[in-house]
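Novice: First the structure, then my questions, so here it is.
Read-outs throughout are calculated quantities, based only on the coordinates presented, and are distinct from any laboratory measurement. Note that the structure is a prediction, hence the values are computed from the model and not measured. Neighbour counts are summed over all protein chains in view; Cβ atoms, including those assigned to glycine, are modelled from backbone coordinates with ideal geometry.
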């Protein structure tokens, strides 16, 4: 079983929609959770960083972690065509390296 | 935008050739990483360094080698390229848990 899993998509939504991207993980020792956004032919860039369970909001983006169910979510409000990218979730323990999921490809259609 | 650079961006090379992928960062980060990324797959860590003269192999078995003689420079070398080395190679540096990625090198071995 992979430590971090996510549906690869592709996910296609109309502009303005609320997008929900999800990951599951298996290692209960993970405490730090991240979402990276990767545009085509570019390296990933950090979008959101959260510690333990709870919500974190940054503009149109909300990251949610539920440690009881080992579930990580990223919500995008009022999605824009510029949000079209691959979204990678990632997790780590307090002492180990970051583990990345395979990414979900998102297309926002104007 | 993160100041981390990779060259070349694209490389097509024949089997058996020796190649070096360059990675440089100007942020003074001690931690640097090399990942391999294939379409629809998670990033696989192949090498990392926590400072000058420190290098470690990652989770993915790799026939490549790295060196860290200067803080800002973390080149990856393949002594004899094979078609199985065809992939995207991403370099990253980190401050704390936040990793900053370069644009990647797309390597094709014929």
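Novice: I'm trying to understand the selection: among the residues of the range B:94-110, which are part of a strand (DSSP E or B) and touching a residue at least 60 places away in the same chain (Cβ under 8 Å)?
Specialist: Within the range B:94-110, the first condition is being part of a strand (DSSP E or B), and the residues that meet it are B:94-95, B:98-101, B:105-109.
Selection gives B:94, B:95, B:99, B:100, B:101, B:105, B:106, B:107, B:108, B:109.
Novice: Going through the range B:80-93 one residue at a time, which ones are touching a residue at least 60 places away in the same chain (Cβ under 8 Å) and surrounded by fewer than 20 Cβ atoms within 10 Å (Cβ to Cβ)?
Specialist: If the condition is that a residue be touching a residue at least 60 places away in the same chain (Cβ under 8 Å) and surrounded by fewer than 20 Cβ atoms within 10 Å (Cβ to Cβ), then B:80, B:82, B:83 are the ones that fit.
Novice: Name the residue that is nearest to residue A:41 (Cα to Cα), counting only residues in the range B:50-79 that are in contact (Cβ under 8 Å) with a residue 40 or more places away in the chain and assigned to a strand (DSSP E or B).
Specialist: Filtering the range B:50-79 for residues that are in contact (Cβ under 8 Å) with a residue 40 or more places away in the chain and assigned to a strand (DSSP E or B), the one nearest to residue A:41 (Cα to Cα) comes out as B:76.
Novice: Do the conditions hold for residue B:42, that is, is it under 28 Å from residue A:86 (Cβ atoms) and outside any loop (DSSP other than H, G, I, E, B)?
Specialist: Values: under 28 Å from residue A:86 (Cβ atoms): yes; outside any loop (DSSP other than H, G, I, E, B): no.
It is false that residue B:42 is under 28 Å from residue A:86 (Cβ atoms) and outside any loop (DSSP other than H, G, I, E, B).
Novice: Sticking with this one: Would a scan of the range A:17-31 turn up a residue that is within 17 Å of residue B:44 (Cα to Cα) and buried (at least 16 other Cβ atoms within 10 Å of the Cβ)?
Specialist: Within the range A:17-31 (the criterion being within 17 Å of residue B:44 (Cα to Cα) and buried (at least 16 other Cβ atoms within 10 Å of the Cβ)), the answer is yes, since at least one residue qualifies.
Novice: Follow-up. Looking at A:82, A:53, which is the one that is without any contact (Cβ under 8 Å) to a residue 40 or more places away in the chain, over 24 Å from residue B:96 (Cα atoms) and either surrounded by fewer than 21 Cβ atoms within 10 Å (Cβ to Cβ) or under 13 Å from the mean Cα position of the chain (by Cα) (or both)?
Specialist: Values: A:53 fails: over 24 Å from residue B:96 (Cα atoms).
A:82 is the lone residue from the list that is without any contact (Cβ under 8 Å) to a residue 40 or more places away in the chain, over 24 Å from residue B:96 (Cα atoms) and either surrounded by fewer than 21 Cβ atoms within 10 Å (Cβ to Cβ) or under 13 Å from the mean Cα position of the chain (by Cα) (or both).
Novice: How many residues does the range A:95-110 hold that are closer than 26 Å to residue B:50 by Cβ, under 15 Å from the mean Cα position of the chain (by Cα) and either more than 10 Å from chain B (Cβ to nearest Cβ) or in a loop (DSSP other than H, G, I, E, B) (or both)?
Specialist: 2
Novice: For the range A:3-48, enumerate the residues that are within 14 Å of chain B (Cβ to nearest Cβ), assigned to a loop (DSSP other than H, G, I, E, B) and in contact (Cβ under 8 Å) with a residue 60 or more places away in the chain.
Specialist: A:3, A:7, A:8, A:9, A:10, A:27, A:30, A:31
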